[in-house]
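Colleague: Mind having a look at this structure? Questions to follow.
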Amino acid sequence: MISDHRISLYDETNFEAEADLQLKNRMNKQKKTIRILKHLLLAVGYGLLGVLIALVVVYLKSAASGPDLKPWHNVELDGDFTAAGSAQMASLDAYLDLEEGLFKQLREEVYDRIDPEGRRRFNRFNQGSVCDPTDPTMYPVNWNRTFVLPADNPRAGVLMVHGLSDSPYSMRAMAQLLSRQGFLVVGLRLPGHGTAPSGLAYATVDDFTAAVRLAAREVHSSLGDGIPFYIAGYSNGATLAINYTLSALQSGDMPLPDGLMLVSPAVGVSPVAALAKWQRRLAVVPGLGKLVWNSIHREYDPYKYNSFAVNAGDQISRLTGQNDSLISTLDQGNGVVGFPPVLALQSVADATVSTPAVVDRFMRHLAPNGHQLVIFDINRQAEAEAFLTTDFRGQIEPLMNNDSWPFAVTLVTNRDAETRELVARSKGAGSSVISEEPLDMAWPDGVYSLSHVALPFPPDDPVYGLSPDPSSDGIHLGRVEPRGEKNLLAVPVSSFMRLRCNPFFDYLETRLLRFLELEDTEN
């Protein structure tokens with residue numbers, strides 16, 4: 001018995017020792033596995049970091065090796081309006097006086113310093129060229145500057161605000177329409193615009209908003225008691241109109257407009273715009289000065305910059321962020337109460353701004369108050385639609401089928417897939433009932449959609465129209481059709497293919513007048 005007990009104790013001791021050994025082995029294997037995983041993860045991490053660094057280096061090298069910068073890319077025009085100087089700016093007349101000096105500086109610092117290489121027929125900054133907006137023989141009015149269309153006894157007043165990188169010219173046709181209706185019209189030139197592309201390397205959202213507030217006070221104070229005051233904006237100008245109105249609602253110390261008319265509002269932009277500030281900061285590194293620019297192109301457009309400063313993307317990102325914050329503050333669950341009636345006009349096909357964001361980030365947050373959204377569809381004739389990469393039905397159907405929107409919706413679209421003729425399908429706010437109105441309009445040959453840059457320009461626009469006045473000596477950009485070998489042009493071919501005018505501008509006018517409850521006195 002004693003012997004058996006000793007054997008049993010020995011076996012148990014052996015078993016425990018063996019178990020300890022197995023446990024140690026397992027732990028050692030786990031530690032080895034963890035060490036291998038750590039080394040593997042470090043290797044992957046270093047590899048990814050190396051790839052990222054390589055991509056950054058390639059990007060920086062590519063950016064630094066772009067087209068040469070010209071005087072209009074480098075000049076710093078210090079005579080422009082700024083938010084810091086707005087406290088000393090008592091009136092719009094003072095703004096115009098400052099602008100006069102700014103354009104004199106532009107002449108001295110850019111036009112008078114063009115080298116022989118820049119003295120070309122299609123250079124906006126070459127005095128006397130076919131696209132020089134300061135040449136009165138070709139362009140009787142320089143629409144790059146703030147304009148005022150007075151009215152003896154105005155029935156209303158309207159401030160018109162253009163988009164990013166363009167000029168008051170984009171509001172010209174709408175301004176002239178409302179002027180003929182007896183409106184006092186002010187078309188504001190935003191800081192950094194209408195001069196040289198370098199202006200947008202320095203202008204800030206605070207400069208933009210300060211200028212809009214000054215002009216809005218001026219228009220409102222020029223009207224008698226009870227006379228309506230409106231703001232109309234295109235693209236970034238529409239976003240500024242929204243910002244002004246939200247700020248007026250919040251502060252209570254600025255005149256609230258009686259309505260907003262918004263064309264292609266830049267309510268939502270690419271998230272990449274938020275990264276622009278980091279690229280701009282890298283531009284201070286010696287040799288990386290071209291990082292100031294998102295794109296560098298020849299300047300042949302008399303009323304719009306073709307080169308685009310990254311700072312501009314940063315500023316529009318900041319502006320849309322401000323608006324989101326204001327809406328979040330003012331919308332307490334029932335929509336933004338007190339926001340004046342809105343008419344928004346938008347193409348469903350828009351490569352510049354997000355069409356769904358007009359609803360998701362703005363209009364659905366408004367309390368019902370007569371708001372209207374007009375959407376221009378793509379050309380749905382079967383032969384045209386077959387060549388398109390998307391049909392946008394995923395955006396349109398939820399918009400037309402939702403019966404809880406606090407705004408009315410109109411879709412301008414083909415009557416059916418067999419015709420280019422158009423109808424307007426409409427439903428009221430909070431309604432699912434759709435009515436149809438025939439329109440005496442049809443898609444022109446070869447046009448498959450509108451575009452962001454098309455909506456505010458009529459088809460006979462002298463610069464951007466499909467059928468401009470042939471007697472005009474200025475440049476016609478609406479029908480440029482270059483032919484030759486591919487990849488040879490220094491100018492992107494896509495810029496020529498993009499529709500620059502609105503063949504349905506008559507309907508836009510009709511909706512403007514209807515929104516303003518005006519009868520067209522021209523007919």
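Colleague: At pLDDT 95 or above, among the polar types (S, T, N, Q) and over 18 Å from ASN74 (Cβ atoms): does that describe THR137?
Modeller: Answer is no for this residue.
Colleague: Please go through the range 152-168 and give me each residue that is acidic (Asp, Glu) and buried (at least 21 other Cβ atoms within 10 Å of the Cβ), ordered by number.
Modeller: ASP166
Colleague: Take VAL336 and decide whether it is farther than 30 Å from PRO503 by Cβ and open to solvent by less than 10 Å² (accessible area, probe 1.4 Å).
Modeller: Answer is yes for this residue.
Colleague: Restricted to the range 235-257, and to residues that are on the phi < 0 side of the Ramachandran plot and not in a helix (DSSP H, G or I), which residue is surrounded by the most Cβ atoms within 10 Å (Cβ to Cβ)?
Modeller: In this case the residue turns out to be PRO257.
Colleague: When THR195 is evaluated against the numbered criteria (1) among the hydroxyl-bearing types (Ser, Thr, Tyr); (2) within 16 Å of GLN315 (Cβ to Cβ); (3) buried (at least 19 other Cβ atoms within 10 Å of the Cβ), which criterion, by number, is the only one it fails?
Modeller: Status for THR195: all satisfied but (2).
For (1) under 17 Å from the mean Cα position of the chain (by Cα); (2) modelled with pLDDT of 95 or more; (3) closer than 18 Å to PRO191 by Cα; (4) of a type in the set (Phe, Trp, Tyr), each residue gets a yes or a no:
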residue	(1), (2), (3), (4)
ALA211	no, yes, yes, no
LEU223	no, yes, no, no
ILE227	no, yes, no, no
TYR230	no, yes, no, yes
TYR234	yes, yes, yes, yes
GLY237	yes, yes, yes, no
ALA241	yes, yes, yes, no
THR245	no, yes, no, no
PRO255	no, yes, no, no
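Colleague: Filter the range 360-397 down to residues that are in contact (Cβ under 8 Å) with a residue 60 or more places away in the chain, under 20 Å from VAL336 (Cβ atoms) and not acidic (Asp, Glu) and give me whichever is surrounded by the most Cβ atoms within 10 Å (Cβ to Cβ).
Modeller: PHE362
Colleague: Can you confirm whether the range 283-296 contains a residue that is open to solvent by less than 10 Å² (accessible area, probe 1.4 Å) and either at pLDDT 90 or above or more than 27 Å from GLY118 (Cβ to Cβ) (or both)?
Modeller: The answer is no; no qualifying residue exists.
Colleague: In the range 421-460, which residues are closer than 30 Å to TRP143 by Cα and hydrophobic (A, V, I, L, M, F, W, C)?
Modeller: MET441, TRP443, VAL447, LEU450, VAL453, ALA454, LEU455, PHE457, listed by residue number.
Colleague: I would also like to ask the following. Can you give me the number of residues within the range 339-359 that are hydrophobic (A, V, I, L, M, F, W, C) and surrounded by fewer than 22 Cβ atoms within 10 Å (Cβ to Cβ)?
Modeller: Here the count works out to 3.
Colleague: Restricting to the range 130-169, count the residues that are closer than 20 Å to ASN243 by Cα and assigned to a helix (DSSP H, G or I).
Modeller: The number of residues fulfilling the criteria is 1.
Colleague: Counting only residues that are surrounded by 13 or more Cβ atoms within 10 Å (Cβ to Cβ) and either free of Cβ contacts under 8 Å to residues at least 40 places away in the same chain or touching an Asp or Glu at 6+ places or on another chain (Cβ under 6 Å) (or both), how many does the range 471-490 have?
Modeller: Qualifying residue count for the region: 4.
Colleague: Inside the range 331-363, can you point out the residues that are β-branched (Val, Ile, Thr) and assigned to a strand (DSSP E or B)?
Modeller: VAL336, VAL342
Colleague: With the requirement that a residue be within 17 Å of ASP506 (Cα to Cα) and among the small types (Gly, Ala, Ser), what does the range 400-425 give you?
Modeller: If the condition is that a residue be within 17 Å of ASP506 (Cα to Cα) and among the small types (Gly, Ala, Ser), then ALA424 is the only one that fits.
Colleague: Could I ask something else about it? Output the residues belonging to the range 215-234 that are in a helix (DSSP H, G or I) and open to solvent by 10 Å² or more (accessible area, probe 1.4 Å).
Modeller: ARG217, GLU218, HIS220, SER221
Colleague: Determine whether ALA210 is of a type in the set (Gly, Ala, Ser), in contact (Cβ under 8 Å) with a residue 40 or more places away in the chain, in a helix (DSSP H, G or I) and open to solvent by 10 Å² or more (accessible area, probe 1.4 Å).
Modeller: Yes, satisfied.
Colleague: Separate question: For the range 391-398, does any single residue satisfy the condition of being β-branched (Val, Ile, Thr), part of a helix (DSSP H, G or I) and over 30 Å from CYS131 (Cβ atoms)?
Modeller: Yes: the range 391-398 contains one or more residues that are β-branched (Val, Ile, Thr), part of a helix (DSSP H, G or I) and over 30 Å from CYS131 (Cβ atoms).
Colleague: Taking TYR464 as meeting all but one of (1) of a type in the set (Phe, Trp, Tyr); (2) surrounded by 19 or more Cβ atoms within 10 Å (Cβ to Cβ); (3) touching a residue at least 60 places away in the same chain (Cβ under 8 Å), write down the number of the exception.
Modeller: Evaluating TYR464 over (1) of a type in the set (Phe, Trp, Tyr); (2) surrounded by 19 or more Cβ atoms within 10 Å (Cβ to Cβ); (3) touching a residue at least 60 places away in the same chain (Cβ under 8 Å) leaves (3) as the failure.
Colleague: Of the residues ARG425, ARG479, only one is of a type in the set (Lys, Arg) and in a loop (DSSP other than H, G, I, E, B); which?
Modeller: The conditions single out ARG479.
Colleague: If I go through the range 170-192 residue by residue, how many of them are of a type outside the set (S, T, N, Q), part of a loop (DSSP other than H, G, I, E, B) and surrounded by fewer than 23 Cβ atoms within 10 Å (Cβ to Cβ)?
Modeller: 1
Let's see how each residue does on (1) farther than 27 Å from ASN123 by Cβ; (2) at pLDDT below 85:
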| position | (1), (2) |
| --- | --- |
| LEU55 | yes, yes |
| SER65 | no, yes |
| LEU77 | no, no |
| ASP80 | no, no |
| LEU96 | yes, no |
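Colleague: A further question on this structure: Tell me, please, whether a residue that is of a type in the set (A, V, I, L, M, F, W, C), exposed (fewer than 15 other Cβ atoms within 10 Å of the Cβ) and either free of Cβ contacts under 8 Å to residues at least 60 places away in the same chain or under 22 Å from PHE457 (Cα atoms) (or both) can be found in the range 99-119.
Modeller: no
Colleague: In addition: Find the residue count for the range 402-434, including only residues that are loosely packed, with under 14 Cβ neighbours inside 10 Å and either basic (Lys, Arg) or over 26 Å from VAL447 (Cβ atoms) (or both).
Modeller: Adding up the residues that qualify gives 5.
Colleague: Sort out which residues of the range 491-523 are over 24 Å from GLN372 (Cα atoms), open to solvent by 30 Å² or more (accessible area, probe 1.4 Å) and at pLDDT 85 or above, and write them in order of number.
Modeller: Hits for the range 491-523 are MET497, ARG498, ARG500.
The values are calculated or read from the model by the stated rules, or taken from the named source; none is laboratory data. The shown structure was predicted, so the numbers you read here are calculated from the model rather than taken from an experiment. Positions of Cβ are generated from backbone atoms using ideal geometry, with glycine treated the same way; all protein chains shown enter the neighbour counts. Note: areas computed on protein heavy atoms with side chains; ligands, DNA, RNA excluded. Shrake-Rupley method; radii C 1.70, N 1.55, O 1.52, S 1.80 Å.
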